[in-house]
Structures are given as structure tokens and as C-alpha cells.
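Comments concern the structure below.
Just so it is clear, none of the values below were taken in a lab; they were calculated from the coordinates. Predicted model, so just to flag it, every value in this text is computed and none were measured. As a convention, Cβ positions derive from the backbone with ideal geometry for all residues, glycine included, and neighbour counts pool all protein chains shown.
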Amino acid sequence: MPLRLQETAINALSKVIGLSSLAIASALMPDTGSAQGAGRWPTQAVRIIVGFAPGSSPDVQARMLAPPLSAALGQPVVVENKPGAAANIGADAVAKAGDGHTIGIIGNGPLTSSQFLFSHLPYDPAKDFAPLALVGAAPLVWVTAKGPAGSTAQQFIAQARAQGDKLAYGSVGAGSATHLAVELLRQAVKINPIHVPFNGGPPVLNALMAGQVQMALLPGSTVMPLVQAGKIDAIAVSSARRSPLAPTLPAMEDLGIKGVNIEVWNAIMAPASMPAAHQARLSTELQRILGSREIRQSLLVQGWRVDDPSPKALAERIKADRALYQEVIARNGIQLN
């Protein structure tokens with residue numbers, strides 16, 4: 001996952017951008033006319049469910065957005081962590097929430113790939129959610145073990161083709177975006193490294209630096225410090241275009257590599273059962289908050305790029321990624337129990 005921060009890092013992050021959470025909330029307060037025209041909803045605290053542990057990037061984002069959203073809605077906004085089962089426990093809690101005051105920050109996995117990886121999900125990703133706003137997206141960075149063979153894409157691909165399954169790649173877990181992205185790359189450039197799943201990004205990086213695996217596709221926020229320190233090599237980013245998070249690296253398509261346009265992202269979703277008017281209000285407020293310079297800068301510091309946050313753009317992204325993941329999962333016979 002992109003850069004994991006402890007909850008206390010929110011205060012440090014606020015110092016970086018020169019604003020406290022309270023200051024951000026005040027700066028993003030809607031005008032009086034807007035608030036008066038919003039009706040009586042919400043009538044109680046709004047809950048944001050996060051399917052990851054405290055300190056994870058979705059958790060940090062939820063706690064960053066809670067103060068300005070509370071100020072806009074005139075009610076407390078509380079964050080509740082429900083980690084487990086590849087974030088599907090949290091997603092299920094959002095899908096089944098019936099109080100009309102619960103939303104969630106959900107990563108791309110539960111909304112796109114989980115339905116093809118698990119034989120049974122307790123929720124329907126296509127029917128049980130309503131998109132509110134895309135919080136942020138981040139490309140993966142193609143990194144290799146340090147050495148002359150990893151200095152360019154052409155050199156590494158030639159080495160990988162020559163060595164076949166004697167090369168290995170690491171991921172943060174079977175079925176993760178870091179796994180599926182390499183499967184897409186493997187097909188695109190016709191290489192055949194073996195997959196070695198790890199429990200998180202740091203073990204992958206340790207294995208990469210030790211030469212136990214030779215490549216990986218990981219979030220830039222976790223790998224760029226090591227690239228800049230000269231401990232591993234970086235070849236490209238997996239987004240369709242160059243990323244402001246790693247501006248010196250080419251996109252895959254710049255290298256002539258097609259079909260590896262894959263990013264990790266977090267989105268705010270509501271249960272499909274929430275009244276449309278309430279969805280609309282939440283979406284409007286969230287888009288305004290995410291459009292602010294302060295929030296965009298906060299996300300950039302965390303390693304996230306803010307794109308079009310609208311529900312329409314988010315729905316289109318979910319649809320495209322769902323089709324991409326379905327194909328690569330089916331082709332490689334990837335299943336999780």
C-alpha cells in the first residue's frame with residue numbers, strides 16, 4: 001500500500017502544509033447560504049468505515065477528511081476501523097449499513113478484483129455501493145534489484161527472457177494489485193519470473209535489496225526513498241502517463257509496453273440503500289473538500305494524486321478496472337479462499 005503513517009502523523013503532516021486539522025476544517029467551511037439550503041440531514045453523527053488498521057493510508061485519509069466534512073455537515077464525523085479479509089470486512093459493513101449515516105473509504109480491491117478472487121463475497125460490488133468521490137490514486141513503480149542489468153527496461157527484459165523462471169518477483173500478497181500488475185507486465189513483455197508473495201511492502205523491499213527477488217511493482221511512496229538512496233533501481237510507472245509523484249520515470253507506454261495501466265486508489269462509497277439526496281449532498285461536499293489546495297497538498301505529501309473526484313469518473317474507473325482484473329485473474333487462474 002502507499003505510505004503508511006501512524007495516526008500521530010496527521011499532526012506532522014498538517015505542519016508540512018502549514019495548517020492544523022482544525023484550520024483545514026475552518027478554511028473549508030461552506031458558506032451560510034449553502035448550509036441553510038442543505039435540509040435537516042444528517043440528523044446524527046456520520047460514520048466513515050475503514051477496512052484497514054489505524055495508520056494505514058485509507059485510515060489517514062479518513063481522519064484528514066473527517067474535520068472538514070464535519071464542519072460542512074454540522075454533525076460529528078467519526079472513523080471506525082474494521083480491518084480483515086483483504087478489506088472485505090469493512091466493505092461488507094458499508095454495504096449493509098442501514099442507518100443512513102454510514103459511508104466508507106474503500107480501496108480498489110474490494111470494488112474491482114475481490115469478486116473474481118473469492119468464491120463467495122458477502123456483498124455485491126456492482127449493486128451494493130454508490131460512488132461518492134475518488135480520494136486519490138497512485139501508480140505502481142517497476143523496481144528491480146540494484147545492478148547494471150536493472151538499469152533499463154530493455155536490459156532487464158533481456159535478462160529475464162534469458163533466465164526464464166530462475167528470476168522471481170515479489171508482491172504484497174496473492175491477488176493484490178502488486179501481484180496482478182506484474183502478471184500484466186509479464187504477459188506484455190513476454191517474461192516468466194516466478195511469483196513470491198510477502199506480507200506487506202517492507203518484506204518485498206528487503207528481499208529485493210537482498211537479491212532474493214529481482215523485481216516488483218510497488219507504490220511509489222514506499223520505493224522512491226530507496227531508489228533515491230541508490231539501493232534499488234526504478235524503471236517506469238504503471239500509470240498511462242508520467243506521474244507527478246515520480247516525474248523522472250517514464251510511463252510504461254513511453255517504453256512501448258501496452259496494457260499495464262494499473263493504479264491503486266481509495267474511494268468514498270455509500271451503501272446503495274442511502275437516499276439519493278443524501279448521497280448527492282455528501283458527494284458535493286466531498287468533491288469541494290478534495291478540490292481544495294490544502295487537501296490536495298496533504299494527499300500529495302502522502303503519495304497520492306487527486307484526479308477528477310466526481311462519482312461519474314469514479315464509476316468509470318471502477319468499471320474499467322473490474323474488466324482489467326477479471327481478465328488477468330481468469331487467464332492466470334488466480335483464486336483466494
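Helix 201-210 sits at what angle to the longest principal axis of the chain, using alpha carbons and giving 0 to 90 degrees rounded to 10?
Approximately 20 degrees, to the nearest ten.
What number of lysine-lysine pairs in the chain show an alpha-carbon separation below 13 angstrom, given a sequence spacing of 8 or more or placement on distinct chains?
Number of lysine pairs found: 4.
Give the shape of the stretch 147-214 as rounded, prolate or oblate, defined through the alpha-carbon gyration tensor: a ≥ b ≥ c are the square roots of its eigenvalues, a/c under 1.5 means rounded, and otherwise the shape is prolate if a/b is larger than b/c and oblate if not.
Oblate, because a/c is 1.5 or more while a/b does not exceed b/c.
Stokes-Einstein at 4 °C, 1.567 mPa s, Kirkwood radius from Cα pairs: D for the stretch 139-255 in µm² s⁻¹?
94 µm²/s
Under a Cβ-Cβ cut-off of 15 Å, what is the net charge of the residues other than Ala277 that fall near it, where Lys and Arg count +1 and Asp and Glu count -1?
Combined, the nearby Lys, Arg, Asp and Glu give +1.
What per residue convex hull volume, in Å³, do the alpha-carbon atoms of the chain yield?
Cα convex hull per residue, to the nearest whole number: 121 Å³.
Give me D for the stretch 74-128 in µm² s⁻¹, whole number, from Stokes-Einstein with Rh from the Kirkwood sum over alpha-carbon pairs, 20 °C and 1.002 mPa s.
In µm²/s, the coefficient is 179.
Of all beta bridges DSSP finds with both residues in the stretch 139-255, what is the antiparallel percent, to the nearest 5?
Working: 10 of 17 bridges.
Around 60 percent antiparallel, to the nearest 5.
Would you mind putting 232-240, 125-133, 292-300, 305-313 in packing order, based on average other-beta-carbon counts within 10 Å, highest first?
232-240, 125-133, 292-300, 305-313
Please work out the C-alpha center-to-center distance from the stretch 60-126 to the stretch 152-184 and express it in whole Å.
Each part's Cα centre sits 32 Å from the other's.
By average Cβ neighbour count within 10 Å, what is the ranking of 176-182, 159-165 from highest down?
176-182, 159-165
Determine the percent antiparallel among the DSSP beta bridges restricted to the chain, to the nearest 5.
60 percent
So for the stretch 211-337, what percent of the C-alpha to C-alpha distances run longer than 17 Å?
The proportion of pairs with Cα distances above 17 Å equals 69 percent.
So how strong a dipole does the chain carry about its Cα centre when Lys and Arg Cβ are +1 and Asp and Glu Cβ are -1, to the nearest 20 debye?
So the dipole magnitude of the chain works out to roughly 360 debye.
Most exposed first by the Cβ proxy, i.e. fewest other Cβ within 10 Å, how do Leu249, Leu69 rank?
Leu249, Leu69
To the nearest 0.05, how large is the calculated FRET efficiency for Ala229 and Lys258 if R₀ is 35 Å and r is the Cβ-Cβ distance?
On the way: r = 32 Å, r/R0 = 0.90.
Between Ala229 and Lys258 the formula returns 0.65.
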